[in-house]
Amino acid sequence: AAPPADRAAARPATAAGAVPGDGGRRWDHAVVTGGAGFVGSHLCTALLAEGTAVTCVDDFSTGTPGNIAHLRDHPGFTLLRADVSAPFAGHVPGPVDLVLHFASPASPADYLRLPLHTLDTGSLGTRNALALAREREARFVLASTSEVYGDPLQHPQNERYWGNVNPVGPRSVYDEAKRFSEALTTAEAAARGTDAGIVRLFNTYGPRMRGHDGRAVPTFIRQALAGEPLTVTGDGRQTRSLAYVDDTVRGILAMAASDLLGPVNLGNPDEITMLDLAHQLIDLTGSPSTVRFIERPTDDPAVRCPDITLARGKLQWAPLVDAREGLARTIEWYRQRARPGAEAA
Ligand code: NAD
């Protein structure tokens, strides 16, 4: 097989749409696994808006039909309800030029509830998604995660850091599944010439995160809007870097349009403590809520901040939406949804 870079160069530009910031690459048909999830549904929306037909493959284990309700009548949108841990390529018709592999439980509440499913999806699911890309000679992008760095001993984290992960801790089902999926993707590119790329996403937030998925932003917004205390774990001094979903989607599509294998970090280097985040959300919602400190989960990382030098240099990508703006947009979405008769969008 031709090496990845040659294949990508040989692929002709088509009449389908270009996504802003994608470097001009065009796709006719993209398959998005996990397309009914939070990030995946935004990817489907962005691709369709630019004229790419999209097949969303999802088993609704953590995603919801509501996340893609606004796409169901789009002529370019197809939903394939399937578990990617079983071979599914035979159910995807026609040529495919892009496979975005986003299927996987992502919030701690979900992967702790679905430990074996998470390991299967990262291993068997990644193998099956890679098989689809290889068969159709499509570009493949794996959604990996900053969790591969574990509780990092290097700060901020660049892509050359190997991580500090407990292989038998409760979070290992997610962290190790993603580490394995990175290894599989790298081996597949090297051994079979599959045109593959890996993005390591840091925490992303925005509309369509589930209020009860256990992640800080939706939890705090739900609590603030209900006037309940915001539950901050530990002393609240642990940090996260939060990227608004539109920025993350732009970075993923820039990676898809490139010939890079990566891994490439995508995240917002603006670090915020969980306590500051809670106060900022109380302020932005105008809520009477207070903060309540609760126990910190096992192996919860103390710091998390991406070094995005690589993404800046190779993808000309950097986040554009600042925290106040992104959080305000997210709060507005939760408010709209809470109105009687409102539909998820
Ligand atoms: P999500 O739970 O909202 O979406 C995941 C989607 O995958 C859901 O629709 C779910 O039903 C589907 N899915 C899970 N297992 C499946 C399987 N076996 N077969 C078919 N579909 C399956 O999570 P998200 O936040 O949108 O995350 C999407 C991807 O991005 C994940 O791979 C996650 O690891 C990665 N990621 C997300 C973040 C973030 O901050 N949101 C950070 C790092 C990495």
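The numbers here are math on the coordinates, done by the rules we state, and not lab data. Given the structure is predicted, the values throughout are model-derived calculations rather than measurements. All Cβ positions, even for glycine, are placed from backbone atoms using ideal geometry, and neighbour counts span all protein chains on display.
In whole percent, what relative contact order does the chain give with Cα contacts below 8 Å and a gap of six or more residues?
Value for the chain: 18 percent.
What shape does region 144-192 have by the C-alpha gyration tensor, where a ≥ b ≥ c are the square roots of the eigenvalues, rounded means a/c under 1.5, and otherwise prolate means a/b greater than b/c and oblate the rest?
oblate
What translational D, rounded to a whole number of µm²/s, comes out for the chain from Stokes-Einstein when the hydrodynamic radius is the Kirkwood one over Cα pairs, at 20 °C and 1.002 mPa s?
106 µm²/s
I'd like to verify something in the chain: which complete DSSP H helices, judged by Cα projection on the helix axis, reach 24 Å or more and average at least -1.0 on the Kyte-Doolittle scale?
Qualifying helices, which must be both long enough and hydrophobic enough, are 172-192.
Under a 10 Å cutoff between Cα atoms, tell me which one of Arg210, Arg171, Arg72 has the largest fluctuation in the Gaussian network model of the chain.
Of Arg210, Arg171, Arg72, the Gaussian network model singles out Arg72 as fluctuating most.
Might you report the magnitude of the Cβ-based charge dipole of the chain about its Cα centre, with Lys and Arg at +1 and Asp and Glu at -1, to the nearest 20 debye?
Result for the chain is approximately 240 debye, rounded to the nearest 20.
Can you pull the one-decimal nm distance between simple spin-label points at His74 and Phe60, each 7 Å off the Cα toward Cβ?
2.0 nm
Under a point-charge model restricted to the Cβ atoms of Lys and Arg (+1) and Asp and Glu (-1), what is the dipole moment magnitude of region 21-117 relative to its Cα centre, in debye to the nearest 20?
Charge dipole, region 21-117, about its Cα centre: 60 debye, nearest 20.
Stretch Thr186-His279 to full length: gain in nm at 0.36 nm per residue minus the Cα-Cα span?
Net length gain for the segment: 29.3 nm.
Measuring from label point to label point, each 7 Å out along Cα→Cβ, what is the Glu325 to His155 span in nm?
2.8 nm
Want the number for Thr309 to Glu332: 0.36 nm per residue separation, take away the alpha-carbon distance, what's left?
Between Thr309 and Glu332, full extension yields an extra 5.1 nm.
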